[in-house]
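> Starting off with a structure, shown below.
All of the numbers you see were taken from the coordinates with simple rules; none came from a lab. Since the model is a prediction, treat every value here as computed from it, not as a measurement. Cβ placement follows ideal geometry from the backbone for every residue including glycine, while neighbour counts extend to all protein chains displayed.
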Amino acid sequence: MSTDPYIWVAAILTLGVFSFLLRDNPFFCAVEHLLVGLSTGYMFCTYWHNVFVPELVTPLWEHGAGSEAHLWAVVGICFLWACKYVESVKDLSRLALAFWLSIDLGLAIPTEMEAGVIAQVVGTMGVSFNGPVEEIFGNVVLVGGTLAALTYFFFSKAHKGVVGATAKVGTWVLMIGFGASFSYILLSRIALLIGRLLFLLRDWLGVIH
Amino acid sequence: MRWAATTLYKIYVRSNCQTMVFFVLLAISPGLSAHGLAPAHNVTAQDEPDDGGGVIQVRWEISESGGVARYEIIRMKGAGATDGIVVGVRNGAQDSFLDEGDEHAIENDVDYRYTVRAVGADGETADSEPSAQVRASASWLDTTLAANMVAVIVFAAMFFVLVMRGRRGKPLYIRPIDALEAMDDAVGRAAEMGRPVFYAPGLHSVTQPATVASIGLLSRVAEKSARLHTRIMVPNYDPLTWPVAQEVVRQSFIKAGRQEEYDPDDISYLTSRSFTYAAAVAGMIVREKPATNFLFGHFYSEFLILAETGAATGALQIGGTDSTAQLPFFITTCDKTMIGEELFAAAAIVGDDPISRSTVKAHDWFKVALMVLIPTGIAVGMLADFGMLEELLHGLGVGDPAAAASGIVEALRGGR
């Protein structure tokens, strides 16, 4: 059995989380609140020490009024955001939110288009039907499945007739894909469970080696 | 010099005057050893295209003498400068270096020249002739993303055409989505049971598409809950989604005329650690026993904990996500599921205005374009596979059909 106090704390907290499998109980409740408090506090410290102080406070402190303009813009946005807590001017906080939303969404559009559309289309168009039979079969399934799945996500027509039949094929393709994904991810979860059990039985109790 | 020695040796072996050549070799051998390292040559430097500037590509032809342990790439600032700084090192077999100014930044629109210094194993060095002057500059357009830009322009054009049509009052049909139609009944179930409604808006930031859609659906659920005097609980993962969710729920309660029933504490921030969030939400679900759980947005591996806990408490669950990895778990644990883009379409239908519906329509038109483009691309690829593409291009009067066919195949199978 381990004599390391950190191992003991980790093991007790692990058992606390596992106790939820039986029913909700004060032990789990205590561990849950501890986790929430710790993680939020940790996140605050991370942002404070890694972002807020070195990226904003320190440069402003060192250069004062001569600091770069964008830092003052950030300060302005921070104040706008803080207006949320003053009833008479709280609508100003929406400006900060709108600024941030528009910048982030604008940056996301090319990335989404590249990774979510262009790369997929090029990958599908690039298949070859000039090879071994099994490769040709695989490519037929790939292209046919892609077109059928696209039809399923076509919202401008009711799923009736040809569109409905094709969408039905698309549903099957999706479900088979989800089934494969489900089993794959389930295995990874079992690996996580084995990891925790190993921690308890080997690192804490020392009953296995 | 090594090539010279090799050539002389060949002459020595093949010629009839071996003794004479031997003495010539003997005479020049000290010189060969003293000046054995040849410099790299034909050093060229050019601005890296399609970037924001500050990057220069340097190329050279490797030393003919061999025996080079490494090349040191030296950057000289200014047209007439002879001294420079070592900005990179390459091994003896490499012939290029991308100077990204990691340690010594490159200024845009400033003249630089490069020299490549060959360094032998014994420390002997040989400097190349400097490259021609080069300037780094920022590009207005990244031409490698041309397809991306065309796709965005086409999509935007479709969107604006459809918005104009929608505004003129032309009805925009969107097929029913099962999970969306079940949402009102699910809130009604909670009202009948006298239990709260639970809404998780996902783990992504409020700027991500799935969260934007989720917030749209939240307004519908919150308004229905307010009308039915039902408590709605929205625990948040993202600290910036939290105020947005608060505002949306508050507006929905005002719209329903139940402003006094709005409780900001029910729209709470928990934590931004996924499994901690899952543990906290699981605890909330078990203690509050909501009649209906709505799980819309982007989730990660913690989702199964949330949904399985909800299912174990007997709650009706309706979910939707754009996360393909988590969709199998949505389908197995939720009574109704919005798969991928159904989530976005549902959010647009809830909006019930021409712009929202036009977005879905534009997506559909774009999908039709892709469904035409994919088989066309495959057909062109097949023509190339069977050697018919060149003939076709020749028949169409293309100047250099072989190069054109090669370019098309490269675009289809090797790039954009």
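> First measure r as the distance between the Cβ atoms of B:R165 and B:D50, then evaluate 1/(1 + (r/R0)^6) with R0 = 51 Å and state the FRET efficiency to the nearest 0.05. Numbers along the way, then the final one.
On the way: r = 37 Å, r/R0 = 0.73.
For B:R165 and B:D50, the calculated efficiency is 0.85.
> For region A:89-96, what does the Karplus curve 6.51 cos²θ - 1.76 cosθ + 1.60, with θ = phi - 60°, yield as ³J(HN,Hα) per residue in whole Hz, taken in order and with x for Gly and Pro?
My calculation for region A:89-96 gives 10, 5, 5, 5, 4, 5, 4, 4 Hz in order.
> Related question: Angle check, please: helix B:18-34 long axis (alpha carbons) against the longest principal axis of chain B (alpha carbons), in degrees 0 to 90, nearest 10.
Orientation of helix B:18-34: about 50 degrees from the principal axis.
> If you take every DSSP beta bridge whose two residues both sit in chain B, what share of them, in percent to the nearest 5, is antiparallel?
In chain B, DSSP labels about 60 percent of beta bridges as antiparallel.
> Let me ask you something else. If you only keep lysine pairs separated by 8 or more in sequence, or across chains, how many in the protein assembly as shown come under 23 Å at the Cα atoms?
Taking the Cα cut-off of 23 Å, the pair count is 21.
> Answer with one residue from A:W72, A:H33, B:T337: the one whose Cα lies farthest towards the positive end of the charge dipole of the protein assembly as shown, charges on Cβ with Lys, Arg +1 and Asp, Glu -1.
Of the options given, the answer is B:T337.
> By counting other Cβ atoms within 10 Å of each Cβ, how are A:C83, B:C334, A:C78 ranked from fewest to most?
Fewest-to-most Cβ neighbours within 10 Å comes out as A:C78, A:C83, B:C334.
> Based on the mean of other Cβ atoms within 10 Å per residue, sort peptides B:138-148, B:60-70 so the most packed one is first. It would help to have the intermediate numbers written out before the result.
On the way: B:138-148: 12.9, B:60-70: 17.5.
With the highest mean Cβ count within 10 Å placed first, the list reads B:60-70, B:138-148.
> Right, another one. Going by Cα centres, region B:342-370 and region B:279-323 are how many Å apart?
27 Å
> Regarding chain B, what whole-number volume in Å³ per residue does the convex hull of its Cα atoms give? Don't skip to the end; give the middle numbers.
Numbers: hull volume 114.1 nm³, N = 416.
Spelled out: Cα convex hull of chain B, divided by residues, is 274 Å³.
> Right, next: If you average the sequence gap of Cα pairs under 8 Å that are 6 or more apart and divide by the length of chain B, what percent do you get for the contact order? Please list the in-between numbers first.
Values: 735 pairs, mean separation 49.8, N = 416.
With pairs under 8 Å counted, the relative contact order is 12 percent.
> Where a ≥ b ≥ c are the square roots of the eigenvalues of the C-alpha gyration tensor, would you call chain A rounded, which needs a/c under 1.5, or, failing that, prolate if a/b is larger than b/c, or oblate? Walk me through the intermediate numbers first.
Working: a/c = 2.22, a/b = 1.18, b/c = 1.88.
Taking the square roots of the gyration eigenvalues as a ≥ b ≥ c, chain A is oblate.
> Which whole number gives the average, over all residues in A:125-132, of C-beta atoms from other chains lying within 10 Å of the residue C-beta? Could the numbers behind the result be given before it?
Working: counts 13, 9, 7, 7, 6, 5, 1, 0.
Partner-chain Cβ atoms within 10 Å, mean over residues of A:125-132: 6.
> Anyone know which of B:P130, B:P209, B:P196 comes out most mobile in the 10 Å Cα GNM of chain B?
B:P130
> Would you mind giving the mean number of other chain beta-carbons within 10 Å of the Cβ of each residue in B:325-334, as a whole number?
On the way: counts 5, 3, 6, 11, 5, 1, 5, 3, 0, 0.
If you average over the peptide's residues, the count of other-chain Cβ atoms is 4.
> I would also like to ask the following. Which of rounded, prolate, oblate describes region B:178-352, given a ≥ b ≥ c as roots of the alpha-carbon gyration tensor eigenvalues and a/c under 1.5 marking rounded, otherwise prolate only if a/b is larger than b/c?
Working: a/c = 1.24, a/b = 1.20, b/c = 1.04.
Cα axes put region B:178-352 in the rounded bin.
> If the only charges are +1 at each Lys and Arg Cβ and -1 at each Asp and Glu Cβ, what is the size of the charge dipole of region A:129-209 around the Cα centre, to the nearest 20 debye? Numbers along the way, then the final one.
On the way: 6 positive and 3 negative charges, 76 e Å.
Once rounded to the nearest 20, the dipole reads 360 debye.
> May I ask you to evaluate 6.51 cos²θ - 1.76 cosθ + 1.60, the Karplus curve with θ = phi - 60°, for each residue of region A:32-45 and list the ³J(HN,Hα) values in order in whole Hz, giving x for glycine and proline?
So the Karplus estimates, Gly and Pro as x, are 4, 5, 4, 5, 5, x, 4, 5, 5, x, 5, 4, 4, 4 Hz.
> Related question: Note the angle between two axes, namely the Cα long axis of helix B:178-193 and the longest principal axis of the Cα atoms of chain B, as a number of degrees from 0 to 90, rounded to the nearest 10.
Orientation of helix B:178-193: about 40 degrees from the principal axis.
> What is the Cα convex hull volume of region A:48-103 when expressed per residue in Å³? Intermediate values should be presented prior to the final figure.
Values: hull volume 5.2 nm³, N = 56.
Looking at region A:48-103, the number lands at 93 Å³ per residue.
> Compute the acute angle (0 to 90°) between the alpha-carbon long axis of helix B:341-351 and the principal axis of greatest extent of the alpha-carbon atoms of chain B; round to the nearest 10°.
The angle comes out at about 50 degrees.
> Determine the shielding of peptide B:285-291 by partner chains: average, over its residues, the number of Cβ atoms on other chains within 10 angstrom of each Cβ.
Details: counts 1, 6, 2, 0, 0, 0, 0.
Mean inter-chain Cβ contacts per residue within 10 Å come to 1.
> Please report, in debye to the nearest 20, how large the charge dipole of chain B is about its Cα centre when each Lys and Arg carries +1 at its beta carbon and each Asp and Glu carries -1 there. Don't jump to the answer; show the numbers that get you there.
Values: 34 positive and 49 negative charges, 195 e Å.
It works out to roughly 940 debye.
> Could you tell me which residue out of B:A190, B:P328, B:S219 lies farthest along the dipole of region B:178-352 toward its positive end? Charges go on the beta carbon: Lys and Arg +1, Asp and Glu -1, centred on the Cα centre.
Of the listed residues, the answer is B:A190.
> While we're on this one: Just to check I understand the Karplus step: with θ = phi - 60° and J = 6.51 cos²θ - 1.76 cosθ + 1.60, what whole-Hz values come out for region B:195-207, glycine and proline as x?
Values per residue, Gly and Pro as x: 10, x, 9, 10, 9, 9, x, x, 9, 7, 5, 5, 8 Hz.
> Treating the beta-carbon of each Lys and Arg as +1 and of each Asp and Glu as -1, no other charges, what is the dipole magnitude of region B:178-352 about its Cα centre, to the nearest 20 debye? Before the final figure, lay out each step's value.
Numbers: 13 positive and 21 negative charges, 68 e Å.
So the dipole magnitude of region B:178-352 works out to roughly 320 debye.
> Please report the relative contact order for region B:178-352, taking Cα pairs under 8 Å with a sequence separation of at least 6, and give it as a percent rounded to a whole number. Don't skip to the answer; put the middle values down first.
Values: 351 pairs, mean separation 47.5, N = 175.
Over region B:178-352, the number comes to 27 percent.
> Which whole-number percent is the relative contact order of region B:283-401 (Cα, under 8 Å, 6+ apart)? Could you put the intermediate results ahead of the total?
Values: 115 pairs, mean separation 19.0, N = 119.
Averaging sequence separation for qualifying contacts and normalising by length gives 16 percent for region B:283-401.
> Next question, about the same structure. Find the centroid of the Cα atoms in region B:54-129 and in region B:150-176, then give the distance between the two in whole Å.
Cα centroid to Cα centroid, the span is 54 Å.
> Okay, moving on. Considering the options B:V89, A:L205, A:L186, tell which one lies farthest towards the positive end of the dipole of the protein assembly as shown, charges being +1 on Lys and Arg and -1 on Asp and Glu at the Cβ, about the Cα centre.
A:L186
> Okay, next question. Restricting attention to region B:74-155, which GluC sites (Glu not before Pro) occupy a DSSP loop and are surrounded by at most 12 other Cβ atoms within 10 Å? Don't skip to the end; give the middle numbers.
On the way: sites: B:E100, B:E103, B:E107, B:E124; in loops: B:E100, B:E103, B:E107, B:E124.
Passing both the DSSP loop test and the Cβ count: B:E103.
> Highest mean first, how do B:47-59, B:382-394, B:214-226 rank when packing is the count of other Cβ atoms within 10 Å averaged over residues? Spell out each step's value before the answer.
Numbers: B:47-59: 17.2, B:382-394: 15.2, B:214-226: 24.0.
Top of the packing list down: B:214-226, B:47-59, B:382-394.
> So for the protein assembly as shown: antiparallel DSSP bridges make up what percent, rounded to the nearest 5?
Working: 28 of 47 bridges.
Close to 60 percent.
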